[in-house]
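K.L.:
Got a structure for you, questions after.
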Amino acid sequence: MMRFHISYLACAAAIIGAALTAAPTAAAHQTTHQTRHQTTRLVFPGQSIQRAVDAAQPGDTVLVTPGTYRESVTVSTPGLTLRGTGRETVIEPGTTKAADSCAEHGNGICVLGTKDRDVEGVTVASLTVRNFTGTGVFAMATDGLTVRNVTAVNNGVWGIAQERSVRGLFVKNTARDNGDAGLFLANTIKEEAGAADTQGTVVEHNRLEGNRIGITVRRLRNLTVAENHLTGNCAGVFVVGDENKPRAGALTVRDNTVADNNKSCPATARLEALQGSGIVLTGTEDTLVTGNHVTGNAGTSSLSGGIVLFKSFVGTPGERNRITDNTLEGNAPADLVDTDTGHDNTFTGNACTASRPAGLC
């Protein structure tokens, strides 16, 4: 037992960049390393991540060593970092029914503020969360949440999701084979409400594969989706608005690679069947789509095509959206598709061969 723990400590010490002052004993207690008045709490296989999180103070790090952990974890401590050692740190559903709300909703990791106060500065990084019936990583009422180098695989709803939050950063994550969106960001899904200002949320350098939709941005403003790689989904990027005020939009979708999103997904109560949709704007305003490389997205849905402007599902047209300087090839029924009836949507400088209606390339 002593040799087992010492080997894990050697790995963990290398990761946190400092030697531990003492080796752990065989007792089943969380190991801590004190530095600069902040604590790094090490979690080993067979121990509880939630117990370490509950014991942590603002600014602490909970470092989860390689292994498989069968539990859901709720974080509500500001400034906390929950970090694994990479894909080999795996969180899966527990084998016994848990009483906490995160597990009850089928979610893996939940980062939760309250109705009156956002939880600030939480980081979730460098781990795998998989096979949950709900969402891999779910966040609500957060300010400055960072989700980095997380692999979210085969979760029933979303891979990584955030609602009612501001200033988020989602970077270098992989979301694969999730039931709905790989990355889902929204104002709220519990009511019909106007778009929320994210105050600069950034979604960049993520890889989205085999999901229903790669990235969904629903009823939000002031957000950037940049340099992501989306392939093998039913649809690549969906930016969704409606008639509520303020309107969704005032955001940027730029420099993404959106290729071969030709998986076939059946219709749902909210959305028709999907296949071959690259980037879709529906019911949005003042959105810039630029510098994207969109290829090989082909289908027969009204939402199929390379870059598609589509009036919202309650009939609200988009306005003042700019589709500029994108490279498109091999998309069907066309590289650019505009079935919107809104005013002042513009298509300029795009390298493409076919559009509906003609003349947009």
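The values are calculated or read from the model by the stated rules, or taken from the named source; none is laboratory data. The shown structure was predicted, so the numbers you read here are calculated from the model rather than taken from an experiment. Every residue, glycine as well, gets a Cβ built from its backbone with ideal geometry; the counts of neighbours run over all protein chains shown.
K.L.:
Of all the helices (runs of 4 or more DSSP H) wholly in the stretch 1-106, which have at least 2 residues that are modelled with pLDDT under 95?
P.N.:
On the way: elements: 2-16, 49-55, 101-104.
Ranges flagged: 2-16, 101-104.
K.L.:
Kindly establish whether ASP143 is within 30 Å of GLU272 (Cβ to Cβ), without any contact (Cβ under 8 Å) to a residue 40 or more places away in the chain and not hydroxyl-bearing (Ser, Thr, Tyr).
P.N.:
Judged against the criteria, ASP143 is not a match.
K.L.:
Right, here's the next one. Restricting attention to the stretch 34-49, does a residue exist that is touching a residue at least 12 places away in the same chain (Cβ under 8 Å), crowded, with 23+ Cβ neighbours inside 10 Å and closer than 25 Å to ALA196 by Cβ?
P.N.:
no
K.L.:
Restricting to the stretch 250-270, and then to whatever is of a type in the set (A, V, I, L, M) and under 20 Å from the mean Cα position of the chain (by Cα), can you tell me which residue is farthest from THR353 (Cα to Cα)?
P.N.:
Here the residue is ALA250.
K.L.:
For the stretch 184-224, enumerate the residues that are within 17 Å of VAL237 (Cα to Cα) and of a type in the set (Gly, Ala, Ser).
P.N.:
Once the filter is applied, which keeps residues that are within 17 Å of VAL237 (Cα to Cα) and of a type in the set (Gly, Ala, Ser), the stretch 184-224 yields ALA186, GLY210, GLY214.
K.L.:
How many residues are in contact with a Ser or Thr (Cβ under 6 Å, 6 or more places away or on another chain) and not in a strand (DSSP E or B) when one looks only at the stretch 220-270?
P.N.:
6
K.L.:
Here is a follow-up. Report whether or not ASN211 is at pLDDT 95 or above, out of contact with any Lys or Arg (no Cβ under 8 Å at 6 or more places or on another chain) and either in a loop (DSSP other than H, G, I, E, B) or surrounded by fewer than 24 Cβ atoms within 10 Å (Cβ to Cβ) (or both).
P.N.:
no
K.L.:
Among all residue pairs at least 6 apart or on different chains, which show Cβ distances below 7 Å where the first residue, located in the stretch 189-209, is charged (D, E, K, R) and the second is modelled with pLDDT under 90 and part of a loop (DSSP other than H, G, I, E, B)?
P.N.:
So the pair list comes out as GLU192/ASN244.
K.L.:
Next up: Somewhere in the stretch 307-315, is a residue touching an Asp or Glu at 6+ places or on another chain (Cβ under 7 Å), closer than 22 Å to ALA181 by Cβ, surrounded by fewer than 24 Cβ atoms within 10 Å (Cβ to Cβ) and among the small types (Gly, Ala, Ser)?
P.N.:
Checked the stretch 307-315: at least one residue is touching an Asp or Glu at 6+ places or on another chain (Cβ under 7 Å), closer than 22 Å to ALA181 by Cβ, surrounded by fewer than 24 Cβ atoms within 10 Å (Cβ to Cβ) and among the small types (Gly, Ala, Ser).
K.L.:
Is it the case, given these coordinates, that PHE138 is in contact with a Pro (Cβ under 7 Å, 6 or more places away or on another chain) and of a type outside the set (A, V, I, L, M)?
P.N.:
no
K.L.:
For the structure I just gave you, tell me whether GLY306 is in contact with a Ser or Thr (Cβ under 9 Å, 6 or more places away or on another chain) and on the phi > 0 side of the Ramachandran plot.
P.N.:
no
K.L.:
Cβ-Cβ below 8 Å, separation at least six or inter-chain, first residue in the stretch 301-329 and free of Cβ contacts under 8 Å to residues at least 60 places away in the same chain, second of a type in the set (Lys, Arg) and in a strand (DSSP E or B): which pairs?
P.N.:
Going by the 8 Å Cβ cut-off, the qualifying pairs are GLY305/ARG356.
K.L.:
Return yes or no: is ASP260 among the acidic types (Asp, Glu) and in contact (Cβ under 8 Å) with a residue 60 or more places away in the chain?
P.N.:
Values: among the acidic types (Asp, Glu): yes; in contact (Cβ under 8 Å) with a residue 60 or more places away in the chain: no.
So ASP260 fails the test.
K.L.:
What strands (runs of 3 or more DSSP E), lying completely within the stretch 120-175, carry at least 3 residues that are under 12 Å from the mean Cα position of the chain (by Cα) and surrounded by fewer than 24 Cβ atoms within 10 Å (Cβ to Cβ)?
P.N.:
146-153
K.L.:
Hey, could you check the stretch 101-112 for residues that are touching a Ser or Thr at 6+ places or on another chain (Cβ under 6 Å) and without any contact (Cβ under 8 Å) to a residue 40 or more places away in the chain and say which is surrounded by the fewest Cβ atoms within 10 Å (Cβ to Cβ)?
P.N.:
Top of the filtered list is LEU112.
K.L.:
Just name the residue that is surrounded by the fewest Cβ atoms within 10 Å (Cβ to Cβ) out of those in the stretch 58-92 that are over 19 Å from ALA139 (Cβ atoms) and among the hydrophobic types (A, V, I, L, M, F, W, C).
P.N.:
Going through the qualifying residues, I end up with VAL90.
K.L.:
Suppose the filter is among the aliphatic types (A, V, I, L, M), farther than 29 Å from GLU192 by Cα, in a strand (DSSP E or B) and out of contact with any Phe, Trp or Tyr (no Cβ under 6 Å at 6 or more places or on another chain); does VAL111 pass it?
P.N.:
The answer is no for VAL111.
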